[in-house]
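Report on the following structure.
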Amino acid sequence: MKKFIVLLTFLYTGVLFPQGTSGTAAKHEYRTLIDLPSAGILEKGFAGISFDIMPYGVVISKLEVGVFDNFSFGISYGGSNIIGAGKVDWYSLPAINVRLRLVDETENMPAVTIGFDSQGKGLYTKSLERYQIKSPGFFAAVSKNYQFMGYLSVHGIVNYSLEREDNDKDLNLGFGIEKTLGANFSLIGEYDFAINDNTGNSLGDGTGYLNMGVRWSVDGGLTIGVNLRDLLDNKKFTSSKADRGIYVEFIKSLF
């Protein structure tokens, strides 16, 4: 019951945090494309809350605050079978997200951000102490925007997850793009090489995770989106492609 109250608190707080992240009129940066972190950061004095809704009744809520210039902190929590019937399988612990921007983007240089994010995605396997999609762990990300029929953003990441009970302890790589479609819409895509999830005990079969999504800045601070995950069918133990999910985010100034 206590864990359910925590989730309800996140949901209630979300109503109070109505400045979108998609389209050419976006006022805020992406901190995450779909599952991979970017070099974006939440501005000082702003707070954001997001909800990732995935198959198997998975719901992950995250609260994030821009604490100082170029520094933000967040916490997240969730579980599986939250939507549906039967017993909810809560994640063992809340996760944290800390990020520090080292270099601001200029005309000739990308933004560079380092951080730590312990929130994975999907079902949690207790025997392996890992999420279906491993958490990024320690990461470094670069992002650069270009003017091209609106904006085209290019992102790259290297990360080291602490979910290593499957004995796959490799560094991982990923990249992504965002293309604005008018003032309020964006198309996003990412490829997670999943180098740290391709051994005999892993949950991935070595092809990596290709994900795509659409984002819509509805009004004020509200952004909603649809995600399609694992278009290459990388998961070993399920045969479904293009796992469908919904993403909701609110951002607002605290003062």
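The values are calculated or read from the model by the stated rules, or taken from the named source; none is laboratory data. No experiment lies behind these values; they were computed from the predicted model shown. Cβ atoms come from the backbone with ideal geometry, glycine included; neighbour counts cover every protein chain shown.
Screening TYR209 against (1) touching a Phe, Trp or Tyr at 6+ places or on another chain (Cβ under 8 Å); (2) surrounded by fewer than 18 Cβ atoms within 10 Å (Cβ to Cβ) leaves a single unmet condition, (2).
Only one residue in VAL214, VAL218 is part of a strand (DSSP E or B), at pLDDT below 95, closer than 30 Å to LYS44 by Cβ and not aromatic (Phe, Trp, Tyr). Which one?
Details: VAL214 fails: at pLDDT below 95.
VAL218 is the lone residue from the list that is part of a strand (DSSP E or B), at pLDDT below 95, closer than 30 Å to LYS44 by Cβ and not aromatic (Phe, Trp, Tyr).
The residue of region 187-208 that is modelled with the highest pLDDT, among those that are β-branched (Val, Ile, Thr) and in a loop (DSSP other than H, G, I, E, B), is ILE195.
Tell me the residue from GLY176, GLY120 that is at negative phi, of a type outside the set (Ser, Thr, Tyr) and in contact with a Lys or Arg (Cβ under 6 Å, 6 or more places away or on another chain), please. Spell out the reasoning first.
Numbers: GLY176 fails: in contact with a Lys or Arg (Cβ under 6 Å, 6 or more places away or on another chain).
So the residue among GLY176, GLY120 that is at negative phi, of a type outside the set (Ser, Thr, Tyr) and in contact with a Lys or Arg (Cβ under 6 Å, 6 or more places away or on another chain) is GLY120.
Which residue pairs have Cβ atoms under 7 Å apart, sit 6 or more places apart or on different chains, and have a first residue in region 142-157 that is over 13 Å from ALA111 (Cβ atoms) and a second that is of a type in the set (D, E, K, R)? Listed by first residue and then by second, the contacts come to LEU152/LYS179. Of all residues in region 96-109, those that are surrounded by fewer than 19 Cβ atoms within 10 Å (Cβ to Cβ) and either assigned to a strand (DSSP E or B) or touching a Lys or Arg at 6+ places or on another chain (Cβ under 6 Å) (or both) total 5. Once region 120-150 is narrowed to residues that are assigned to a strand (DSSP E or B) and among the hydroxyl-bearing types (Ser, Thr, Tyr), the residue that is nearest to the chain's Cα centre (by Cα) is TYR131.
Residue by residue through region 12-40, note down the ones that are among the aliphatic types (A, V, I, L, M) and at pLDDT below 95. Steps first, please.
Of region 12-40, the ones among the aliphatic types (A, V, I, L, M) are 15-16, 25-26, 33-34, 36, 39.
Matches in region 12-40: VAL15, LEU16, ALA25, ALA26.
Assess whether ASN227 counts as being crowded, with 17+ Cβ neighbours inside 10 Å and either β-branched (Val, Ile, Thr) or outside any strand (DSSP E or B) (or both). Against the criterion (crowded, with 17+ Cβ neighbours inside 10 Å and either β-branched (Val, Ile, Thr) or outside any strand (DSSP E or B) (or both)), ASN227 does not qualify.
Being of a type outside the set (A, V, I, L, M, F, W, C), surrounded by 15 or more Cβ atoms within 10 Å (Cβ to Cβ) and not in a strand (DSSP E or B) is the filter here; which residues of region 57-93 pass it?
Taking region 57-93 first, the residues of a type outside the set (A, V, I, L, M, F, W, C) are 57, 61-62, 64, 66, 69-70, 72, 74, 76-81, 84, 86-87, 89, 91-92.
Next, only the ones that are surrounded by 15 or more Cβ atoms within 10 Å (Cβ to Cβ) stay: 57, 61-62, 64, 66, 70, 72, 74, 76-81, 89, 91.
Scanning region 57-93 gives GLY57, ASN70, ASN81, TYR91.
For the structure I just gave you, tell me whether GLN132 is at pLDDT below 95 and among the polar types (S, T, N, Q). In short, yes.
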